[in-house]
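Have a look at the structure below before the remarks.
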Amino acid sequence: MSFFTTKEMVARLKRGDEEAFKMIYERYWERLYQLCFYYSHCKEDSEDMLMGIFMSLWKNRDQVAIENIESYLVTAAKNQSFKYILKQQQHKKYIHHIVKKADAITDDNDSPERLLEIKELDTQIQDQVELLPEKTKRIFMLNRESGLTYQEIAGSLGISVKTVEYHISKALHLLGKYILILLALLTTVSG
């Protein structure tokens, strides 16, 4: 493969040169991956962010003014990472809100049939918890069942608080659709 300066690669990229795009991809992929992974702590999500960055670069290659390709890509990776963090935080708040609502829906005056149905739905969620990856399940259970804080979990397992946050977020993400189903069924049953 030929060596081109970054300025030449950008000029060729703007003309639709696939070889120039491939060189840019190969030159910057690792650095951008490390940056995205630093924020997401998730291999798959980091790879998805990078795919989006490079797809956008190719799609908009003739429309954007790129002075410095490295700076442009690093900025894009940081922006994607911040969007990812915001989305994760919003998702976590939403799931917590749903869980609180589901807890509030049940009351002491519920019929035995309703209580049985709620128990069955809770069992389904517990079954899904059992299907979580082992480390994620362990951390999730320490938080939800044992009531340990993220700091307490990190200390007892010898991991960082960020790792605990990642696994709790992952569990909530994976369980989210089941919690939504539970909430929908609870509101349907009570209505």
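Every read-out reported here was derived from the displayed coordinates using simple, explicitly stated rules and does not represent laboratory data. This is a predicted model, so every value here is computed, not measured. Cβ coordinates were reconstructed from backbone atoms using ideal geometry, including for glycine residues, and neighbour counts include every protein chain displayed.
Data table
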{"item": "³J(HN,Hα), Karplus 6.51/-1.76/1.60, whole Hz, each residue of the stretch 27-32, x for Gly, Pro", "result": "6, 10, 4, 4, 5, 5"}
{"item": "Cα centroid of the stretch 15-48 to Cα centroid of the stretch 130-173, whole Å", "result": "29 Å"}
{"item": "Segments 82-90, 68-76 sorted - mean Cβ within 10 Å per residue, highest first", "result": "68-76, 82-90"}
{"item": "Local electrostatic count at Arg138 - Lys and Arg +1, Asp and Glu -1, tallied over other residues with Cβ under 14 Å", "result": "0"}
